[in-house]
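Presented below is the structure to which this report refers.
Nothing in this text is a laboratory measurement; each read-out follows from the coordinates by a stated rule. Note that the structure is a prediction, hence the values are computed from the model and not measured. Positions of Cβ are generated from backbone atoms using ideal geometry, with glycine treated the same way; all protein chains shown enter the neighbour counts.
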Amino acid sequence: MNCIFCKIVAGEIPSTKVYEDDTVLAFRDIQPMAPTHILVIPKAHIPSVDGVNGENSAVVAHIFEVIPGIAAKEKLVNGYRVVSNCGSDAGQTVPHLHFHILGGREMTLEMA
Ligand code: DGP
């Protein structure tokens, strides 16, 4: 499949991994928008939030189970933001479901 994040999962494109288990991978964003900017993805290809359903939602729950541990390891003691862009209006550029963890600075109230 011609998907950048599937290639990262397969090890065909290098990434700086911060967490990995059987179903989830987390790695540093190549264009960080905050001092800490990590992407958490399911290893299985799901195109976006729109592709989440009863068959595959367990991995989404699992992603949210691992996020607090990643944030703690990154010492995001003052908080962090979790964002998933879905579709072109939201600015999704990689069509493989991913959750941005942004931290290390104060966030504005704007979502962008
Ligand atoms: P989004 O705009 O929500 O689809 O976010 C996609 C993010 O993926 C964007 O912040 C940049 C990041 N990204 C794109 N290609 C790569 C890559 O090859 N490696 C890494 N580490 N991040 C990438």
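Compute the length gained on full extension between V83 and Y19: take 0.36 nm times their separation in residues and subtract their Cα-Cα distance, giving the result in nm to one decimal.
Separation in residues times 0.36 nm, less the Cα-Cα distance, equals 21.3 nm.
Along the charge dipole of the chain, which of N85, V18, M1 sits closest to the positive end, that is, farthest toward it, with unit charges on the beta carbon of Lys, Arg, Asp and Glu (+1, +1, -1, -1)?
Positive-most Cα among the choices belongs to V18.
Regarding the range 39-112, what's the average projected area of the Cα-atom convex hull, expressed in nm²? Kindly include the intermediate steps, with their values, before the conclusion.
Working: hull surface 21.3 nm².
That works out to 5.3 nm².
Might you report the magnitude of the Cβ-based charge dipole of the chain about its Cα centre, with Lys and Arg at +1 and Asp and Glu at -1, to the nearest 20 debye?
Dipole about the Cα centre, nearest 20: 340 debye.
So if each residue of separation counts as 0.36 nm, and I subtract the Cα-Cα distance between H45 and E65, what length gain in nm does that give?
Separation in residues times 0.36 nm, less the Cα-Cα distance, equals 5.3 nm.
Of all trypsin sites (Lys or Arg not before Pro) in the range 17-112, which ones are in loop regions per DSSP and have a Cβ with at most 13 other Cβ atoms within 10 Å?
Working: sites: K17, R28, K43, K73, K75, R81, R105; in loops: K43, K75, R105.
Sparse-neighbourhood loop trypsin sites (Lys or Arg not before Pro): K75, R105.
If you line up the long axis of helix 57-73 against the longest principal axis of the chain, both from Cα atoms, how many degrees apart are they, to the nearest 10?
30 degrees
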